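The values are calculated or read from the model by the stated rules, or taken from the named source; none is laboratory data. Since the structure is predicted, the reported quantities are computational estimates derived from the model, not experimental observations. Glycine also receives a Cβ, built like all others from the backbone with ideal geometry; neighbour counts cover every protein chain displayed. Side chains are part of the model used for accessible areas, which takes the heavy atoms of the whole protein and leaves out ligands, DNA and RNA. Shrake-Rupley method; radii C 1.70, N 1.55, O 1.52, S 1.80 Å.
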Amino acid sequence: MTDPIAEPARWDESERLAALRDYGILDTAREAAFDDVVALIARICETPIAVVNLIDSGRQWFKAEVGLGVRETPLATSFCAHALLNEDGLVVPDATRDARFDGNPLVHQDPGLRFYAGRLLKTPSGLPLGTLCVLDTQPRPEGLTELQETALKTLAGQVMSQMELRRALRQRDEGRDALERALEASDDVAARLRASEAQFRVLADAMPQMVWSTRPDGFHDYYNARWYEFTGVPAGSTDGEGWNDMFHPDDQQRAWARWSRSLETGEPYEIEYRLKHHSGVYRWTLGRAVAIRNEDGEITRWFGTCTDIDELKRLEQGRELVSQELSHRIKNIFAVVTALVALSARQYPEARAFASSLRTRIAALARAHEFVRPHTETSQPTVGATTLHTFLADLFRAYSDDTGATRVHISGDDAVFDDQAATSVALLFHELATNAAKYGALATAAGRVELATRRDDDRFILTWTEIGGPAIEGPPERQGFGSSLASLSVEGQLGGRLHREWAADGLRIVVDLPATALSRRRAAEKDRLQPL
């Protein structure tokens, strides 16, 4: 088989590989932000496989994937390597009819890959790093729909925004680590400051951050060269309290209040504010400082830094804008799909039952999306508290009795709940409630369901017990689509275990999840803030 990147390219391969490695993403652990993208694009494009694929030297490595089960494959089998040679990406309607894939084992195995569509992941300078792609074992002569192409393009941009943000955060943390290492040694520097002042100034001037120091009362008496390079002010002009005038007028009172509290309590100082650049514009800056104490615990000096985070702020704002736009488009997709299903049901009455079932599933996904999507100030109050019990109570409202009383009773430990778990939880409990209404406890007037939730060390257990329904003779002979979907939601998306007990007096289901599964973003943030 020929080398997949043998054709001439518009970029230098060594330069492309250097740019890829600069992101520091190869061989890192899975991250929910990327996993959510491939799960969503696979659903939108109706493909069994979706991948965030990065083309390394001699291999293709998957930052996120669904439907493959591996993290890398040899470059010789890569579809995405061919996509790098195109301006925006590649669509292969049927790989068996494309000479570029003659002899590719992934095409000629059974079942083999047939359809491929990928959009390039490009650096701001235009270097292609890989693709966001979807694959299918069935050919698609018609390719993707216009809506699917738009979603693939939009989500590819979201992946690159996430990679840029990830790189900026890594660079910020590296700078923060350098500061902390310097501060750890600062006690010794302060004890011998008179004898080693020249050495200290060389060290401070060599740091990429702006470094400053104050007396115990907070009087600023030292800034390194970076401060004067950034601000362009004359040396000594910001000594004492003159530094506050360098801040944006809207940030001055807040910064002064935070600094005053640190001086009163000795607490570390950390704040984000806009600092005036020598060009005249204000740039977002992270200010941090710690107190240096003597053997008696008395503060002898304060050492601090200012780090330019303006680029990071712009990336965060861009990411928020993309999230809002993507959320709006997804909400519209739900509405369009629901309307299409309703229209089809009217045209084909024999499919009315199927259409009704499909609409309820779409409605469950839409409620999950509405609960956790990015909100504006006007839409936020309608959502309510983001806890598991609040979310489930809203989901089960459709199964109330004639008086409006709930027939699914929720009890036990509540849990903080975020957007990364909402879709999977909505699909799981929608399927359980729907099946109970058709065949189980909710199919009878006197039936009810008890849902108990319990925190057990590092696990979170949810027990679904149906009471007062028809007698059960045993487990079904085959697993239906809804049961498969429930298992996929628990085991594939939430990383847990699902156990069914087909007791004669009612179905009992135990869902055993990692305690962090319902709020992975909060757990990740907690780990990030743990001291080294």
Taking the Cα-to-Cβ direction at Ser411 and at Leu343 and moving 7 Å from each Cα, how far apart do the two end points lie in nm? 4.9
When the Karplus curve 6.51 cos²θ - 1.76 cosθ + 1.60 is applied with θ = phi - 60°, which whole-Hz ³J(HN,Hα) does each residue of region 106-117 get, with x for Gly and Pro? 6, 8, 9, 6, 10, x, x, 6, 10, 9, 9, 9
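When a/c is below 1.5 the answer is rounded, else prolate if a/b is larger than b/c, else oblate, so apply that to region 217-285 with a ≥ b ≥ c taken from the square roots of the Cα gyration tensor eigenvalues.
Values: a/c = 2.09, a/b = 1.36, b/c = 1.54.
Since a/c reaches 1.5 but b/c is at least a/b, the shape of region 217-285 is classed as oblate.
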Just to check I understand the Karplus step: with θ = phi - 60° and J = 6.51 cos²θ - 1.76 cosθ + 1.60, what whole-Hz values come out for region 56-64, glycine and proline as x? 9, 6, x, 7, 10, 10, 9, 5, 8
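Nearest 0.05, what FRET efficiency do Arg172 and Asn244 give at R0 = 22 Å with Cβ-Cβ as r?
Values: r = 24 Å, r/R0 = 1.09.
Once the sixth-power term is evaluated, E becomes 0.40.
Rounded if a/c is under 1.5, else prolate if a/b beats b/c, else oblate: with a ≥ b ≥ c from the C-alpha gyration tensor eigenvalues square-rooted, which is region 447-509? List each step's numbers first, then the result.
Numbers: a/c = 2.52, a/b = 1.27, b/c = 1.98.
It comes out oblate by the Cα gyration axes.
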So which trypsin sites (Lys or Arg not before Pro) in region 446-515 end up in coil per DSSP with only 11 or fewer other C-beta atoms within 10 Å? Arg478
At a 1.4 Å probe radius, carbon and sulfur cover how many percent of the accessible area of region 26-143? 51
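Fully extended, how many nm does the chain gain between Thr137 and Ser57 (0.36 nm per residue separation, minus their Cα-Cα distance)? Provide the component values of the computation, followed by the final result.
Working: separation 80, 0.36 × 80 = 28.80 nm, distance 2.68 nm.
Gain on stretching Thr137 to Ser57: 26.1 nm.
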Excluding ligands, DNA and RNA, what is the solvent-accessible area per residue of region 440-504 at a probe of 1.4 Å, expressed in Å²? 57
Using modelled amide H (1.01 Å from N, peptide plane; none on Pro or chain starts), what sits under 5 Å from the amide H of Gly412, excluding residues fewer than 5 places away? Thr453
How would you order 277-283, 466-472 from highest to lowest mean count of nearby Cβ atoms within 10 Å? 466-472, 277-283
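First check a/c for region 15-108, with a ≥ b ≥ c the square roots of the eigenvalues of its C-alpha gyration tensor; if it is under 1.5, answer rounded, and if not, answer prolate when a/b is larger than b/c or oblate otherwise.
Working: a/c = 1.70, a/b = 1.17, b/c = 1.45.
It is oblate, given that a/c is not under 1.5 and a/b is not larger than b/c.
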For Tyr282, enumerate residues with amide H under 5 Å from its amide H, sequence gap 5+ or separate chain, H modeled in the peptide plane. His277
Highest mean first, how do 340-349, 243-252 rank when packing is the count of other Cβ atoms within 10 Å averaged over residues? 243-252, 340-349
What distance in nm separates the simple spin-label points at Glu501 and Met207, each placed 7 Å from Cα in the Cβ direction? 6.0
